[in-house]
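The values are calculated or read from the model by the stated rules, or taken from the named source; none is laboratory data. No experiment lies behind these values; they were computed from the predicted model shown. Neighbour counts run over all protein chains shown; Cβ positions are idealised from the backbone, glycine included.
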Amino acid sequence: MKIVYAASKPLKKEQEKKARIEALRQELESLGSANTKLEIEDIERALEPLAKEVATLGVPRAEKQEFDKLVRNVRDVIVEKKDQKLLSLSEGDREAIGKLKDLLKEKKLNRQTIKSQIDSWRKESGSSGVSIGQAMQYNEMIENEKQRLEKVESGIDEIQAMILSCSDNLG
């Protein structure tokens, strides 16, 4: 009797695992169906734990690829729904979001320029031919650029929040 019990325990675990894998597959397929009535946020909330579970799933490679494809399909549905939402906005709303996105690109470019300048000054201040006075001057310029960088980054965060807010509230 004990041998049968010991053998049935791993069998039961294997059956539970197969049942969970099948349930996971069905959940992903239903989320990935293009005609789902769920809102974008609901799909994203449902996808997050499922995607994490897929990542830790102990299945053969081919099956793992199948699950990855299902997750990608769900993400495609999310993108599609977001696109539909943006397309349903009025021309003025789309223009406002477009301007915010352009401003965001400019801010990001400015951020990259500032970072490059800081790196350049750091390298120059660390070189062997720099006097103490020059090094102090570089350090002061670096600190000023860091302050500018903080302002630019907070502006980027604000613009991203505005874009997200406009996208969510309009449409």
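Structure summary
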| quantity | calculated |
| --- | --- |
| Which numbered condition residue 143 fails, given (1) of a type in the set (Asp, Glu); (2) farther than 30 Å from residue 20 by Cβ; (3) modelled with pLDDT under 85 | (3) |
| Some residue of the stretch 123-137 being in the same structural domain as residue 164 (by TED's automatic domain parsing) and in contact with a Ser or Thr (Cβ under 8 Å, 6 or more places away or on another chain) | yes |
| Search result, residues across the stretch 123-163 that are over 30 Å from residue 99 (Cβ atoms), in a helix (DSSP H, G or I) and not hydrophobic (A, V, I, L, M, F, W, C) | 123, 124, 125, 126, 133, 134, 137, 138, 139, 140, 143 |
| Filter pass, residue 48 being over 29 Å from residue 160 (Cα atoms), assigned to a helix (DSSP H, G or I) and of a type in the set (Asp, Glu) | no |
| Which listed residue, of 64, 37, is of a type outside the set (Ser, Thr, Tyr) and loosely packed, with under 12 Cβ neighbours inside 10 Å | 37 |
| Candidates 99, 81, filtered to the one that is charged (D, E, K, R), surrounded by fewer than 14 Cβ atoms within 10 Å (Cβ to Cβ) and within 18 Å of residue 166 (Cβ to Cβ) | 99 |
| The stretch 72-97 residues that are closer than 30 Å to residue 54 by Cα, paired with ones that are outside any helix (DSSP H, G or I) and β-branched (Val, Ile, Thr) (beta carbon under 7 Å, 6 or more apart) | 77/36 |
| Residue within the stretch 69-83 that is touching a Ser or Thr at 6+ places or on another chain (Cβ under 8 Å), assigned by TED's automatic domain parsing to the domain that holds residue 38, within 30 Å of residue 32 (Cβ to Cβ) and of a type in the set (Lys, Arg) present | yes |
| Filter result for the condition that a residue is farther than 17 Å from residue 24 by Cα, within 21 Å of the chain's Cα centre (by Cα) and of a type outside the set (Phe, Trp, Tyr), over 99, 107, 123 | 107 |
| Total residues in the stretch 141-171, condition hydrophobic (A, V, I, L, M, F, W, C) and touching a residue at least 40 places away in the same chain (Cβ under 8 Å) | 7 |
